[in-house]
1. Go through (1) modelled with pLDDT of 95 or more; (2) not in a loop (DSSP other than H, G, I, E, B) and name the single condition GLY116 misses.
2. Determine which single condition PHE95 fails, assuming it passes every other condition in (1) surrounded by 22 or more Cβ atoms within 10 Å (Cβ to Cβ); (2) more than 16 Å from GLY164 (Cα to Cα).
3. Which one of these is more than 19 Å from VAL174 (Cβ to Cβ) and buried (at least 21 other Cβ atoms within 10 Å of the Cβ): ASN117, ASN112?
4. Restricting the search to region 119-141, which residues are in a loop (DSSP other than H, G, I, E, B) and under 15 Å from GLY58 (Cβ atoms)?
5. For residues in region 56-84 being in contact with an Asp or Glu (Cβ under 7 Å, 6 or more places away or on another chain) and either assigned to a loop (DSSP other than H, G, I, E, B) or among the small types (Gly, Ala, Ser) (or both), which is modelled with the lowest pLDDT?
6. Can you work out which of the residues in region 70-84 that are over 21 Å from VAL145 (Cβ atoms) and in contact (Cβ under 8 Å) with a residue 60 or more places away in the chain is farthest from the chain's Cα centre (by Cα)?
7. Of the conditions (1) modelled with pLDDT of 95 or more; (2) part of a loop (DSSP other than H, G, I, E, B); (3) not charged (D, E, K, R), THR52 satisfies every one except a single condition; which number is it?
8. Got a number for residues in region 132-174 being among the hydrophobic types (A, V, I, L, M, F, W, C) and crowded, with 24+ Cβ neighbours inside 10 Å?
Amino acid sequence: MEKVRVPCTILAVAGLLVLAPLAARGADTAAQAKAMIEAKSRSPVAGTATFTELANGGVKVVVHIEQAPPGTHGFHIHEKGDCSAPDAMSAGAHFNPAGNPHAGPMDKACHNGDLGNIEVGQDGKGHLEIVDDLVTVKPGPTSVVGKSVVFHEKVDDLKTQPAGNSGARLGCGVIQ
């Protein structure tokens, strides 16, 4: 069954791109999960991704990346909570219980784990905030808990199947 995503707006906040929903969201609830992003593929990348269930639906995702190459990089939720491989291939494919094609986070149909791209500045730091209406923190088939997040080498083109042609996996963290 396909779940329709609430349209988002892109906002520039202090030089950062932030995706914010058009509809107002409720206050955060206690359901929260976090991933510590560790370096993979011989990169120095580090960071965190926090997932907070919102009272009125959706999950607020806040990502902080450090020691990354400047530029635009794909960032996704992957199906397996396993970052043990040196290249993070143990994380599997994008999280996609809905069976949708790969696309961007503002597209009507996309993988549940398609979070789009994160911009990294010349200082090696990046920040992304997005509300994902296709995942939950609470238990169920769309829960992110026990999955992983992956920071990619290149920009996600938001269309190439199955994963946006975003290259090597430079960082990976299990969502707990």
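The values are calculated or read from the model by the stated rules, or taken from the named source; none is laboratory data. A quick note: this is a predicted structure, and the numbers were derived from the prediction, not measured. No Cβ is skipped: glycine too gets one built from the backbone with ideal geometry, and neighbour counts run over all protein chains shown.
1. That leaves (1) as the condition not met.
2. (2)
3. Being more than 19 Å from VAL174 (Cβ to Cβ) and buried (at least 21 other Cβ atoms within 10 Å of the Cβ) holds for just one of ASN117, ASN112, which is ASN117.
4. ASP133, LEU134, VAL135, VAL137, LYS138, GLY140
5. That would be GLY57.
6. GLY71
7. (2)
8. Residues flagged as among the hydrophobic types (A, V, I, L, M, F, W, C) and crowded, with 24+ Cβ neighbours inside 10 Å within region 132-174 amount to 8.
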